[in-house]
Structure formats: C-alpha cells, structure tokens
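To keep things clear, I will list the structure first and then write my remarks on it.
The values are calculated or read from the model by the stated rules, or taken from the named source; none is laboratory data. Please read these numbers as outputs of a predicted model, since none were measured by experiment. Using ideal geometry, Cβ is built from the backbone for each residue, glycine included, and neighbour counts are taken over all protein chains shown. Accessible surface areas use protein heavy atoms only, side chains included; no ligands, DNA or RNA. Shrake-Rupley method; radii C 1.70, N 1.55, O 1.52, S 1.80 Å.
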Amino acid sequence: MTNAGHRLLWTIVALLLIAVGAAALAASLGALPGADPAAVLLSADLVDRWRMAAPWSTLAAAVAGALFALAGQRLLVREARGPGGTLRGTLSHPGRRPGRTRLAADVLADALVRDLTGNPGVRRARVVLTGPPPHPDLWIRVDLTADAPAAGVREHVRAAVRRFAATTDCQPAHLDVTARIEPSRP
Amino acid sequence: MRSANRVASLLLASALLIGGAMLALQALLLTLDRPTPLDTAGWFDALSGTRWRDPTVQTVAGGALLLGLAILVAQLRRWTPVRLRADERDGWYLHRRCVERRLADAASAVPGVRRARVRVRRRGGQWRPRVRATGDPAARAEIEFAVHQELHRLTAPRPGRIDVRLLPRRRPA
C-alpha cells in the first residue's frame, strides 16, 4: 500500500474516532437530543429485541465478524505486497503488415534494469512500469555507489531510457527517477 | 510518520482479522446453541450496569475524540518529503536522507569541524540546507564551500542560502 493510501486510511479512522467520541460525549453530557444520560448503555429493551430476533441477530453478527476479518485479511495482504499498480502482462503493438508484436512487461523492465546496472556507478536498479502500454509510466530507482559521478550516471540513465523507448517503441509518458547515493564514508 | 502509519496499519489489520474471526465464531456457535470459547457475561453485566453519564463513559469518549484529533492533525500536516527534485525536466529526484548524509560528511571533512548534521528542506522551489556542527566558528565559509561543492557533485540545483550554525567545542573542565 502506498504512503498516500495509508494517509487516507488513517484520516478516515481519525474522522470515525472523532465522530464516535463526540457523539458518545454529547450523549453522556445530555447534549444529544433523544438520548437520556441516565439510561444504561445496554438497555433491557435492546437486549429483549436482540433475543427476539435470534437466530437472525446472531447470524448478522457472524456475517459482520466475517466481513471485519475479510477486511483485515485484505489489508494485511496489501501491506505485504507493497505498492500496487505494477503493469503485468504483455505490451502489444500492431505492425504495418499483418501481425502484432507482443512483449512481456516484466521482461522489458528486467532488460532496462540490466542496462542501468551496466554502469559501474549503479549498484542496484529497480524498474516499475505502470499505466497503459503504448505510453507507460516509468518509475526507476537507482542506488549509486559512493564514488559514482552523479552527472555521468544521470546521463547513463537518460541514455538507457532512450534506448528502452527506441527498442520497445514505447515512449514513456512519465519518467520518474529516484537516486539514492551511498554515504562517502564507510 | 510513514513508518508509524505502516506499523499502525499492520496492527489495525491484525486486530480486524483476529477480532472479526472471533466475533464470527462466537456468533455462529451462539446461533447453533453450542458452548462458546469466550465468556461474555462480564461484558454484558458491565454494559448493562453503566449509565451514559458515568465518568468512565465520558473518559473513554473524550479519549477517543482526542486520539482522533491527534491522528487527524498528524495526517493532515505537511510531511517532510522523502526525496528532493533535482531537475524539472528529466524527472530526476535525489533521496533526501542520502543527500543530507553526504552533505554532513562533506561538512565534517572540513578541518576543525566535528559532528556535522545537515537537514535539507525545500522553500519556494529552492533547497535550503541547514548545517549544525561543532567546531571553530571561523570555518563557516569553508563549510559553505564544501556543501556547495558536494551539491554540485550530486548534480543538485544551486541551493538558496546555506544556514550554518557552528557551536564552539566545549573545553574540558
């Protein structure tokens, strides 16, 4: 899940907490119309109605519990998978003559990683393709060695992206390169 | 904040998964009139015996309200960016922590300077490095020069003013 996703999730959780807390506080102070501060939290009337509605009430609780558990499981899976939206599958190009060219997206990403790490200044590279195939968005992260000349590596990355665009006939719509540089001292 | 959010999300997901599964199991066993793993009689008594105006209810409600406000403020305020844009045209960004570490190393390498710490912020499209170090106050110009050189080496844009704060080294008593 992305940072923005987490931020949205916790903003919603915060708003829910504020709404519930404010409502309970208002009910407790007698400021909520229709709520009696002297009443118990779980009134006998409510308990009677719950018992009358059995087994549907308990079944509804079971379904609600299952939905909560499913939401938790989905959230855990998303947490474990990391940022999503990676383009998987194939890029397909119609040719001038009958026929199509098909290329697997992860093969292309691997090829660009190999090209990028060809420079001795690049220790590691990670490439993610997202978006529609003819003009994908290209997200690159390069880890540079401490002694790498940043200007040279930058030019190398630019050339590698040009080669990628020429080979695949996919001009990236958006290019985003993040460089991490090792500290100069061990 | 990003790490805190990640850990909090993991905890929330685990709580939802475990709590939801237990609620489903408990409710299903109740429906089938089977013995349940959780004894809810204590909770039932507590909820039936507590009134809305009790101080416990007010404390819990106030706590939830304050916690919600604190989380909301933490999420909505501006966060320190993870990376700094180096160039408008080719989408090149530098990881902020890496840049700060490199600049700190460069400042520490100036003779007479020890333990330099650097923070880089963006103000109005310009980088503003802030250097804090212990050492000779006369080394200010050299530190500025070293930081400029290092930024040039990293192909970073020309920074705005470099804020250098030098604390004189404490003499042993």
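Rundown of residues vs (1) closer than 27 Å to A:Thr145 by Cβ; (2) outside the structural domain of B:Gly112 (by TED's automatic domain parsing); (3) in contact with a Gly (Cβ under 9 Å, 6 or more places away or on another chain); (4) open to solvent by 20 Å² or more (accessible area, probe 1.4 Å), yes/no style:
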| residue | (1), (2), (3), (4) |
| --- | --- |
| B:Gln149 | yes, no, no, yes |
| B:His152 | yes, no, no, yes |
| B:Pro159 | yes, no, no, no |
| B:Asp163 | no, no, no, yes |
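Is it true that some residue in the range B:16-38 is more than 7 Å from chain A (Cβ to nearest Cβ), exposed (fewer than 15 other Cβ atoms within 10 Å of the Cβ), closer than 30 Å to A:Leu32 by Cβ and among the hydrophobic types (A, V, I, L, M, F, W, C)?
no
Report, ordered by the first and then the second residue, all pairs with beta carbons closer than 9 Å, sequence separation of six or more or different chains, a first member in the range B:35-47 that is assigned by TED's automatic domain parsing to the domain that holds B:Ile18 and touching a residue at least 12 places away in the same chain (Cβ under 8 Å), and a second member that is part of a helix (DSSP H, G or I) and open to solvent by less than 80 Å² (accessible area, probe 1.4 Å).
Listed pairs, sorted by first residue: B:Pro37/B:Gln26; B:Pro37/B:Leu29; B:Leu38/B:Gln26; B:Thr40/B:Gln26.
Residues are listed down the side, and each one gets a yes or a no for (1) without any contact (Cβ under 8 Å) to a residue 40 or more places away in the chain; (2) open to solvent by less than 50 Å² (accessible area, probe 1.4 Å); (3) of a type outside the set (Phe, Trp, Tyr); (4) more than 9 Å from chain B (Cβ to nearest Cβ):
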| position | (1), (2), (3), (4) |
| --- | --- |
| A:Thr2 | no, no, yes, yes |
| A:Ser28 | yes, yes, yes, no |
| A:Ala31 | yes, no, yes, yes |
| A:Asp45 | yes, no, yes, yes |
| A:Met52 | yes, no, yes, yes |
| A:Pro55 | yes, no, yes, no |
| A:Thr58 | yes, yes, yes, no |
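Sort out which residues of the range B:135-147 are open to solvent by 20 Å² or more (accessible area, probe 1.4 Å) and farther than 16 Å from B:Arg102 by Cβ, and write them in order of number.
Listed by number, the residues that qualify are B:Asp136, B:Pro137, B:Ala138, B:Arg140, B:Ala141, B:Glu142.
Please note which helices (runs of 4 or more DSSP H) are completely contained in the range B:1-78 and include at least 2 residues that are of a type in the set (Val, Ile, Thr).
Those helices (runs of 4 or more DSSP H) span B:2-31, B:55-76.
Could you list, in sequence order, the residues of the range A:4-26 that are within 7 Å of chain B (Cβ to nearest Cβ) and either under 21 Å from B:Asp54 (Cβ atoms) or outside any helix (DSSP H, G or I) (or both)?
Those that are within 7 Å of chain B (Cβ to nearest Cβ) and either under 21 Å from B:Asp54 (Cβ atoms) or outside any helix (DSSP H, G or I) (or both): A:Leu17, A:Val20, A:Gly21, A:Ala22, A:Ala24, A:Leu25.
Restricting to the range B:50-93, count the residues that are facing another protein chain (nearest Cβ under 7 Å) and either in contact with a Pro (Cβ under 6 Å, 6 or more places away or on another chain) or among the acidic types (Asp, Glu) (or both).
So the count comes out to 3.
If you go through the range B:107-134 one residue at a time, how many are part of a loop (DSSP other than H, G, I, E, B) and surrounded by fewer than 21 Cβ atoms within 10 Å (Cβ to Cβ)?
5
Output the number of residues of the range B:56-87 satisfying the condition of being at pLDDT below 90, open to solvent by 40 Å² or more (accessible area, probe 1.4 Å) and not hydrophobic (A, V, I, L, M, F, W, C).
6
Report the residue count in the range A:136-162 for those that are closer than 13 Å to A:Pro172 by Cα and not aliphatic (A, V, I, L, M).
Adding up the residues that qualify gives 5.
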